[in-house]
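Student: I have a structure here, written as structure tokens, and I will follow up with some questions on it.
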Amino acid sequence: MSLQRCATCGKEFDRDFGDSSLSLSCPACDQQRAQTTRASLPSGPDALSPAAFPVTITLIAGSVLVFAVMVLRGVSPVAPTPQQAIEFGADFGPLTLGGQWWRLVTSMFVHFGFIHLGLNMWCLWNLGRAAERLLGRFSYLFVYLASGIFGSIASVYWHPRAAGAGASGAIFGLAGVLVSFVYLKKTPANLQINSKMLGSLGTFILYNLAFGALPSISNAAHVGGLVMGMAIGALLPSASAFESSRRHRLSIVVAITVIALIASAVAAKRLRAGVSELTSIQHLITTGKTDEALA
């Protein structure tokens, strides 16, 4: 037995170096951390029931509801036109960069047909449940929205004259945050996470990036969401941290992310400053106002 100072509370405690535990905290702090972790996670027979994942279900319901409204308003359920998608909130450079920044969010809930919707919602159901359980509801929702917005910014910068829509940027963000969280071993101690999960996530990312290389699919949104998700995952506090420490760290992460998103949007607007003007000129020409277009 030997005295050791607790890395958490600073008190000295007896340490048996024959113990295989690698904890640097005293038994009392370890016990409190374990109780905090267990309290933050769903448990019991209902842990894997749909009711245990309200955020994931709400996000899926939002996309399905938007699609249903589009169809009821006469939009094709198989292949909506870009103009129809834009009318319901899709991302479009001239409008988004021209001041309609809300499209960075609404575009995540608009989809080009039921196949596009079904594939994205299937991925969201699988990745979303894992993320909601590992990260907690607030962090999960924050990562989803931040990744989706950054993916939209990347898409509108890379393809400023195309209509962009879908939840894939946000879904790639979930894959990215899970990779960071698992790789850096920030997962709750009572959940068994192994290398197979990292392998599955890697396969998912590579497959979908390859699929995204096809025409009419924006890999910019995929890569943007993935990068943002991995970055936030690296900054998020560990699940084993004390609640007060977690909240403080999380508030810092939120502030940094918001600043990064605003800076990215401003940069995209400045780098693509000619997009809005070009579209205005084309509109003037098509309406017969040639003199104004030349001016």
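The values are calculated or read from the model by the stated rules, or taken from the named source; none is laboratory data. Owing to the predicted nature of the structure, the values given are computational and were not obtained by experimental measurement. Positions of Cβ are generated from backbone atoms using ideal geometry, with glycine treated the same way; all protein chains shown enter the neighbour counts. Just so you know, the surface numbers come from the protein's heavy atoms only, side chains and all, with ligands and any DNA or RNA stripped out. Shrake-Rupley method; radii C 1.70, N 1.55, O 1.52, S 1.80 Å.
Student: Filter the stretch 133-143 down to residues that are modelled with pLDDT of 90 or more and open to solvent by less than 60 Å² (accessible area, probe 1.4 Å), then give me how many there are.
Tutor: Number satisfying all stated conditions: 4.
Student: Then there is this: Can you tell me which residue in the stretch 239-251 is farthest from G224 (Cα to Cα), limited to those that are assigned to a helix (DSSP H, G or I) and either of a type in the set (S, T, Y) or free of Cβ contacts under 8 Å to residues at least 12 places away in the same chain (or both)? Spell out the reasoning first.
Tutor: Residues of the stretch 239-251 that are assigned to a helix (DSSP H, G or I), as a first pass: 243-251.
Subsequent filtering for residues that are either of a type in the set (S, T, Y) or free of Cβ contacts under 8 Å to residues at least 12 places away in the same chain (or both) retains 244-248, 251.
Values: S244: 31, S245: 29, R246: 26, R247: 26, H248: 26, S251: 22 Å.
That would be S244.
Student: Give the residues of the stretch 68-121 that are in contact with a His (Cβ under 8 Å, 6 or more places away or on another chain) and on the phi > 0 side of the Ramachandran plot, sorted by residue number.
Tutor: Within the stretch 68-121, none qualify.
Student: Considering K186, K196, which residue is out of contact with any helix residue (DSSP H, G or I) (no Cβ under 6 Å at 6 or more places or on another chain), surrounded by 19 or more Cβ atoms within 10 Å (Cβ to Cβ), at pLDDT below 90 and of a type outside the set (A, V, I, L, M)?
Tutor: On the way: K196 fails: surrounded by 19 or more Cβ atoms within 10 Å (Cβ to Cβ).
After ruling out the rest, the residue left standing is K186.
Student: Right, next: Residues that are under 13 Å from the mean Cα position of the chain (by Cα), surrounded by fewer than 23 Cβ atoms within 10 Å (Cβ to Cβ) and touching a residue at least 60 places away in the same chain (Cβ under 8 Å): does the stretch 163-172 have at least one? Break it down stepwise before answering.
Tutor: Our first condition is that a residue be under 13 Å from the mean Cα position of the chain (by Cα); within the stretch 163-172, this holds for 166-172.
Subsequent filtering for residues that are surrounded by fewer than 23 Cβ atoms within 10 Å (Cβ to Cβ) retains none.
No, there is no match, as no residue in the stretch 163-172 is under 13 Å from the mean Cα position of the chain (by Cα), surrounded by fewer than 23 Cβ atoms within 10 Å (Cβ to Cβ) and touching a residue at least 60 places away in the same chain (Cβ under 8 Å).
Student: Out of the residues in the stretch 144-162 meeting the condition of being of a type outside the set (G, A, S) and at pLDDT 90 or above, tell me which one is most open to solvent (accessible area, probe 1.4 Å). So that I can check it myself, show each step before the final result.
Tutor: Keep residues of the stretch 144-162 that are of a type outside the set (G, A, S), which gives 144-145, 149-150, 153, 156-161.
Next, from what is left, pick out any that are at pLDDT 90 or above: 144-145, 149-150, 153, 156-157.
Values: Y144: 0, L145: 59, I149: 35, F150: 48, I153: 11, V156: 6, Y157: 76 Å².
Out of the qualifying residues, it is Y157.
Student: Is it true that some residue in the stretch 222-242 is open to solvent by 50 Å² or more (accessible area, probe 1.4 Å), of a type outside the set (A, V, I, L, M, F, W, C), at pLDDT below 90 and farther than 21 Å from V105 by Cβ?
Tutor: Checked against the condition, which is being open to solvent by 50 Å² or more (accessible area, probe 1.4 Å), of a type outside the set (A, V, I, L, M, F, W, C), at pLDDT below 90 and farther than 21 Å from V105 by Cβ, the stretch 222-242 yields no hits at all.
Student: Any chance the stretch 48-59 includes a residue that's at pLDDT 85 or above, open to solvent by 40 Å² or more (accessible area, probe 1.4 Å) and at positive phi? Write out each step before concluding.
Tutor: Of all residues in the stretch 48-59, those at pLDDT 85 or above come to 53-59.
Applying the additional criterion that residues be open to solvent by 40 Å² or more (accessible area, probe 1.4 Å) yields 54, 57-58.
So of that shortlist, the ones also at positive phi come out as none.
No, that holds for no residue.
Student: In addition: Taking the stretch 144-169 only, how many residues are more than 11 Å from M108 (Cβ to Cβ) and in a loop (DSSP other than H, G, I, E, B)?
Tutor: Residues in the stretch 144-169 being more than 11 Å from M108 (Cβ to Cβ) and in a loop (DSSP other than H, G, I, E, B): 4 in total.
Student: Test L191 against the stated conditions and say whether it is at pLDDT below 90, aliphatic (A, V, I, L, M) and open to solvent by 20 Å² or more (accessible area, probe 1.4 Å). Please lay out each step first, then the result.
Tutor: Values: at pLDDT below 90: yes; aliphatic (A, V, I, L, M): yes; open to solvent by 20 Å² or more (accessible area, probe 1.4 Å): yes.
Considered against the rule, which asks whether it is at pLDDT below 90, aliphatic (A, V, I, L, M) and open to solvent by 20 Å² or more (accessible area, probe 1.4 Å), L191 comes out as yes.
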